[in-house]
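The structure appears right after this line, and notes come after that.
The values are calculated or read from the model by the stated rules, or taken from the named source; none is laboratory data. Quick caveat, the model's predicted, so the values are computed rather than measured. Methodologically, a virtual Cβ is constructed for each residue, glycine included, from the backbone with ideal geometry; neighbour enumeration extends over all protein chains shown.
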């Protein structure tokens with residue numbers, strides 16, 4: 001017998017994700033950023049802050065995004081004056097990313113906006129529990145495997 005949708009974890013996760021995405025999109029709209037633009041800008045900014053000038057491929061891996069979509073969104077961020085892409089001298093097919101001064105001012109503001117949305121969305125859960133659960137769902141390969149008894 002099939003589960004009622006309200007008893008299906010996947011169905012509930014789908015609805016929770018949609019609700020969260022709508023909240024993030026609404027919060028980012030005044031900053032003229034889509035959710036994907038935010039993720040790529042924030043990841044680029046974070047990597048730059050760590051002393052890394054990532055390639056588009058490295059950024060896509062960090063963000064968990066498709067490389068072709070990443071390239072298209074980066075073009076938009078470049079047109080907005082938030083990132084610069086330059087040819088990698090070691091590999092002329094690759095583009096290295098640097099967040100501009102304008103992007104460097106915007107990224108922390110946008111991160112704070114999204115963190116407020118997250119805090120409200122997950123307000124019923126202790127933050128450590130939310131991070132633990134979502135980390136296990138997002139990266140099951142990183143979980144400890146039980147050893148032999």
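Here are a few things to note about the model shown:
- Restricting region 16-25 to residues that are over 13 Å from the mean Cα position of the chain (by Cα), surrounded by 11 or more Cβ atoms within 10 Å (Cβ to Cβ) and without any contact (Cβ under 8 Å) to a residue 40 or more places away in the chain, the residue that is farthest from residue 56 (Cα to Cα): 16
- Residues of region 63-112 satisfying the condition of being under 18 Å from the mean Cα position of the chain (by Cα), in contact (Cβ under 8 Å) with a residue 12 or more places away in the chain and not in a helix (DSSP H, G or I): 65, 82, 83, 97, 98, 99
- Residue match in region 131-141 (condition: outside any helix (DSSP H, G or I) and under 25 Å from residue 19 (Cα atoms)): yes
- Any hit, region 97-108, residues being under 18 Å from residue 29 (Cα atoms), in contact with a strand residue (DSSP E or B) (Cβ under 6 Å, 6 or more places away or on another chain) and either modelled with pLDDT under 95 or surrounded by 19 or more Cβ atoms within 10 Å (Cβ to Cβ) (or both): yes
- Selection of region 41-62 for residues being out of contact with any strand residue (DSSP E or B) (no Cβ under 8 Å at 6 or more places or on another chain), surrounded by 15 or more Cβ atoms within 10 Å (Cβ to Cβ) and closer than 21 Å to residue 116 by Cβ yields 42, 43, 46.
- Region 26-62 - residue that is in a loop (DSSP other than H, G, I, E, B) and touching a residue at least 40 places away in the same chain (Cβ under 8 Å) and, of those, farthest from residue 90 (Cα to Cα): 32
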